[in-house]
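What follows is a set of notes on a single structure, which appears directly below.
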Amino acid sequence: MATKQTKIDIDALLSSTNTDFRMVQIMDEEGNIVNPDLMPDLSDEQLVQFMTDMVWSRILHERSTALNRQGRLGFYAPTAGQEASQLGSIAAIEKEDVLLPGYRDVPQLVKHGLPLTQAFLWSRGHVDGNKYADDIQALPPQIIIGAQYVQAAGVALGLKKRNKKSVAITYTGDGGSSQGDFYEGINFAGSYKAPAIFFIQNNGWAISTPRHVQTAAQTLAQKAMAAGIPGIQVDGMDILAVYAITKKAREYAVAGNGPVLIETICYRFGPHTLSGDDPTRYRDTAELEGWQAKDPLIRMRKFLTAKGLWSEEKENEVIESVKEEIKDAIKEADQAPKQKVSDFLKSMFEEPNQTLAEQIAYYEAKETK
């Protein structure tokens, strides 16, 4: 039986003087609604879409891992375990909002409009993976830890000065919350009341550094207080809670109240990246198994099945559809033109100087042989 939690006042949490950093949860590990007062007004179709999106992301993770091992994909940061945090938050923003992702946030980029083929090209280091259509309000994933926070503050201020009713939304991990860019970003945005939503996806580990080594602060959400902005901690394995809080934060920001910092408590089931990290060297099996019981797909599956909205057959249909989507996208990526040194040189200046012109001519001659 579900245990109803102490009632949480979201409006009170959205205060720069808030000191309540309890983890907000709507749906527990068994798929029970424990905070019905916070339940967002969602149709059955929207609830099913949440599950569909998370299954899509999990399969994308599995196939991306396989493609990386086959040498068909470049850099990849696993996302398994963070589906609710990523997809619940991106579902709560609008198309005109500007997304500034970190390198683990490719699922949000795709759901915000980036073709999957381009996401694969970005992973391969192909320049076409960074050429976004004009209607995609996003920047390519940031590799520098925490740098997107400063960028988001600037983008948010630009939105405010242009009187746009939209927000800048960005993500980093628990490790990123220890970076100077993190503090500079939230401080600048707070000072100018810029409409930004800053996410800390606290997945427990910054590569091999555990969360408790990052800071003596009891929560990462409370770091918002130093910048004079609201900070809220959310169950990052609960897609309903992530969606509800992000939606409220967006309303707060576009109303002119300034930014919000949201800490989502989640876990990465796999390595930090597939570039040599081995989590078995610093994490024990018991910890992993404990978090796997909190899997966001398991709890949403239980919730929807109890409502008669989900089945194994439906999930298998989604899985097969996603596999076809990925197969088509990687095939299209394979057909992208090979990059040339001469093209990189041509993009350095609008008009190449003499030295650059000579280098361009040299490489063009080599490339045509």
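The values are calculated or read from the model by the stated rules, or taken from the named source; none is laboratory data. Computed from a prediction, not measured in an experiment: that's the story for all the values here. Every residue, glycine among them, receives a Cβ derived from its backbone with ideal geometry; neighbour counts consider all protein chains shown. Accessible surface areas use protein heavy atoms only, side chains included; no ligands, DNA or RNA. Shrake-Rupley method; radii C 1.70, N 1.55, O 1.52, S 1.80 Å.
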**Message:** Given an 8 Å cut-off on Cα distances and at least 6 residues of separation, report the relative contact order of the chain as a percent.
**Reply:** 24 percent
**Asked** With θ set to phi - 60° and the Karplus curve 6.51 cos²θ - 1.76 cosθ + 1.60, what are the ³J(HN,Hα) couplings of segment 339-344 in order, to the nearest whole Hz, using x for Gly and Pro?
**Response** 6, 10, 4, 4, 5, 4
**Stretchable slack from Ile33 to Glu351, in nm (0.36 nm times residue separation minus alpha-carbon distance)** = 108.3 nm
**Request:** Just report the Cα centroid separation between segment 168-233 and segment 62-103, whole Å.
**Result:** 20 Å
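Ignoring ligands, DNA and RNA, how do Ser347, Ser64 rank by accessible area with a 1.4 Å probe, largest first?
On the way: Ser347 90, Ser64 5 Å².
Greatest to least solvent exposure: Ser347, Ser64.
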**Asked** In terms of modelled amide H atoms, which long-range or inter-chain residues lie less than 5 Å from the amide H of Ala196?
**Response** Ala168, Val260
**Complete:** Quick calc: nm separation of the 7 Å Cα→Cβ label points for Ala226 and Ile10 -> 2.9 nm
**Request:** Could you check the simple spin-label distance between Thr273 and Glu367, using points 7 Å along Cα→Cβ, in nm with one decimal?
**Result:** 2.6 nm
**Asked** Which FRET efficiency, nearest 0.05, do Asp128 and Lys165 yield, Cβ-Cβ r, R0 41 Å?
**Response** 0.80
**Prompt:** How much solvent-accessible surface does Met225 expose, in Å² to the nearest 10, with a 1.4 Å probe and all protein chains in place?
**Reply:** 80 Å²
**Message:** Helix-only estimate, please: 222 nm mean residue ellipticity of the chain, summing -39500 (n - 2.57) across DSSP H runs of length 4 or more and dividing by its residues, to the nearest 500.
**Reply:** -13500 deg cm²/dmol
**Request:** Report, in cubic angstrom per residue, the convex hull volume of the C-alpha atoms of segment 1-157.
**Result:** 154 Å³
**Item:** Peptides ranked, highest mean first, by Cβ atoms within 10 Å: ranges 244-251, 111-118, 210-217
**Value:** 244-251, 111-118, 210-217
**Item:** Packing rank of 350-356, 51-57, 39-45, where each peptide gets the mean count of other beta carbons within 10 Å, highest leading
**Value:** 51-57, 39-45, 350-356
**Prompt:** For the pair Leu42 and Gln335, how long in nm is the line joining their label points, each one 7 Å along Cα→Cβ?
**Reply:** 3.6 nm
**Asked** Whose amide H sits under 5 Å from the amide H of Tyr267, counting only residues 5 or more places off or on another chain, with H placed in the peptide plane?
**Response** none
**Message:** Rounded, prolate or oblate, given the Cα gyration tensor of segment 138-280, with a/c below 1.5 counting as rounded?
**Reply:** prolate
